[in-house]
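The values are calculated or read from the model by the stated rules, or taken from the named source; none is laboratory data. For clarity, every value in this text was computed on a predicted model and none was experimentally measured. When we count neighbours, we look across all protein chains shown, and the Cβ atoms used for this are built from the backbone with ideal geometry, even at glycine. These accessible areas exclude ligands, DNA and RNA; they are computed on the full protein's heavy atoms, side chains included. Shrake-Rupley method; radii C 1.70, N 1.55, O 1.52, S 1.80 Å.
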Amino acid sequence: MISFINIPENSDFSIHNIPFGVYNQDGNHAACTRLGDIIVDLHQCMQTQLFDGLALPKGIFHKSTINDFIGLGKPITTEVRKRIQKALLVGGFLDNDIFKDSPLFVNAEKVKMVLPIHIGDYTDFFSSKEHATNTGLMFRDPANALLPNWLHLPVAYHGRASSIVPSGTPIRRPNGQTMPDGADKPIFGPSKQVDFELEMGFVIGKETNLGETISTDHAEDYIFGLMLFNDWSARDIQKWEYIPLGPFLAKNFASTISPWIVPMEALEPFRVEGPTQDPEVLPYLQYQGNKNYDIHLSVDIITQQGISQRISTTNFKYMYWNMCQQLAHHTVNGCNMRVGDLLASGTISGPTADSYGSMLEICWKGTKPAQMPDGTERKFIHDGDTVSMHGWCEKEGIRIGFGACDGQVIS
Ligand code: CA
């Protein structure tokens, strides 16, 4: 497939991708996709004959989120994506001089990408065996690093949706209560251990009613697409507050997402087998087929002066619990899902020290600081540092990516 739009080599936004996002230009929101460095305005596409015959409500792309579009269901959203893809090919519907200088095409540098969905509820899993083992080794009994439930269910907690922000939003270092080692009472002040968590989040595309469950066989019908997700964490606050109810203020000050939702159809060629699950899981968590995805992931720390260091390289394929199992487990008690809900994977750590998904693990609780090219070192994230996450799939000449998931920590 060749587009008439020039696509830079190694662009995340090839003709095979066609992700969905929302951009803001002078206060005006519109749904869009991206090809190379060009934003394609879908509201403008509605003014042409491109979507004729499809049951698209008027103004569906002229909104600040794409929840209503996603809610139309996969038969329609998949067809919309196919039509856009075909129209962008050489000789396609949009390969026409009348559209050349129209507001249908916008330079990506000239617009601001915003949060593309209204997220009603957000859940964070803990589904990487390597990550769960590492935290167990650091904080609990090394002989029993995994807690007894971990191999039997995808552990999770309910997070906070209001503080999820798009890539590029500055992250203020949180204040909070911590208990210094050896102290007899807690202190209050800025967290000294701000960390990232490299995750992927999936967007719910189809609602369920209270009381309904989703089987692993049908789970994919309910998953619209994926984004990169940075679950910012304040380790010192977390350590003091989390017992016995789990994460709270150490987590809810901010989470960053990449602004493009890559639909599951684009990820289809990159399915891979998941790890063997031993012991065998309960019947409602058993599944058929390849449910993991080969998505390369990286994290860079970029200092205020622009000095960059790659700190982690890993892959989404390592996840022990897959998205279908997470969704089956989340709804097995009848908890309902709504369009736009976000379910995050949990920190994605690979088998080696350079593939861990948090500073906590990379620097092993601060005992092995990471070296930066300017001679400084990091145990956690400093003020002025930008954490930049990227994700991409590559196979047989096809490459698709997620765009950046960036956030700068400020004081
Ligand atoms: Ca997390």
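Compute the distance from the alpha-carbon center of the range 268-294 to that of the range 372-411, in whole Å. Using only Cα atoms to place each centre, the spacing works out to 28 Å.
Length gained on full extension, Gln305 to Phe139, computed as 0.36 nm times the residue gap minus the Cα-Cα distance: 56.3 nm. Ranking Tyr284, Cys335, Leu137 by Cα position along the charge dipole of the range 122-410, where only Lys, Arg, Asp and Glu carry charges on their C-beta atoms, puts Leu137 farthest toward the positive end. Pair-distance distribution of the range 272-411: all C-alpha pairs, bin width 10 Å, starting at 0; shares per bin in whole percent are 10, 32, 31, 21, 6, 0. Please report how far the C-alpha centroid of the range 315-332 lies from that of the range 118-181, rounded to the nearest whole angstrom. Taking the Cα centre of the range 118-181 as reference, the centre of the range 315-332 is 15 Å away. The alpha-carbon atoms of the range 35-179 define a convex hull whose volume equals 195 cubic angstrom per residue.
Counting only protein heavy atoms and a 1.4 Å probe, tell me what percentage of the chain's accessible area is made up of carbon and sulfur. Please list the in-between numbers first.
Numbers: 9260 of 18120 Å².
Roughly 51 percent, rounded to a whole number.
Rounded to the nearest 10 square angstrom, Met138 shows an accessible area of 20 square angstrom against a 1.4 Å probe. Measuring with a 1.4 angstrom probe and ignoring ligands and nucleic acids, Leu50 comes out at about 10 Å² accessible. Residues His218, His29 ordered from highest to lowest accessible area at a 1.4 Å probe: His218, His29.
Computed extension length for Thr213-Gln371: 52.1 nm, one decimal, from 0.36 nm per residue of separation with the Cα-Cα distance subtracted.
Compared with the alpha-carbon gap, the fully stretched path from Arg172 to Gln25 is longer by 50.4 nm at 0.36 nm per residue.
The largest accessible area among Ile204, Ile307 belongs to the first residue in Ile307, Ile204, and the rest follow in falling order (1.4 Å probe, all chains). Pairwise Cα separations in the range 85-132 fall into 5 Å bins from 0 onward with the following percentages, short to long: 4, 12, 12, 12, 11, 12, 9, 9, 9, 6, 2, 0.
By definition, a body whose alpha carbon gyration tensor gives a ≥ b ≥ c is prolate when a/c is 1.5 or more and a/b is larger than b/c, and the chain fits this prolate description. Suppose R0 equals 30 Å. What FRET efficiency, 1/(1 + (r/R0)^6) with r the Cβ-Cβ distance, do Phe93 and Arg338 give to the nearest 0.05? E between Phe93 and Arg338, to the nearest 0.05, is 0.30.
Determine the calculated [θ] at 222 nm for the chain from helices alone, applying -39500 (n - 2.57) to every DSSP H run no shorter than 4 residues and normalising by the residue count; nearest 500 deg cm²/dmol. Write down the numbers at each step before the final one.
Numbers: 8 runs with 58 residues, N = 411.
That calculation yields -3500 deg cm²/dmol at 222 nm.
Listed by chain and number, the aspartates and glutamates whose C-alpha is less than 12 Å from the C-alpha of Lys86, apart from same-chain residues fewer than 8 away, are Asp95. Rg/Rh for the range 21-114 stands at 0.93; both radii use Cα atoms, and Rh follows the Kirkwood definition.
When you restrict to C-alpha pairs under 8 Å that are six or more residues apart and normalise by the size of the range 122-410, the relative contact order lands at 27 percent. Applying a threshold of 18 Å to the alpha-carbon distances of Lys192/Lys239; Lys129/Lys192; Lys112/Lys251 flags Lys129/Lys192; Lys112/Lys251 as lying beyond it. Working from the Cα coordinates of the range 130-285, the gyration tensor eigenvalues give, after taking √(5λ), semi-axes of 31, 23, 15 Å in decreasing order.
A cut-off of 5 Å between modelled amide H atoms, ignoring neighbours fewer than 5 places along the same chain, links Asp121 with Asp341, Leu342. If both residues of a DSSP beta bridge must be in the chain, then about 90% of such bridges are antiparallel. Rounded to the nearest 0.05, what FRET efficiency is calculated for Lys86 and Leu245 with R0 set to 56 Å and r the Cβ-Cβ distance? Once rounded, the FRET efficiency stands at 0.65. Take the Cα of Leu146, go 7 Å toward its beta carbon, and the backbone nitrogen atoms of the range 302-345 under 20 Å from that spot belong to 315-330, 345. Of the whole protein surface, Asp141 contributes about 70 Å² of accessible area at a 1.4 Å probe radius. The lysines within cross-link reach of Lys110, meaning a Cα-to-Cα straight distance under 22 Å and a gap of 8 or more places when in the same chain, are Lys63, Lys100.
Alpha-carbon geometry of the range 117-160: the Rg and the Dmax are 12.9, 43 Å, given in that order.
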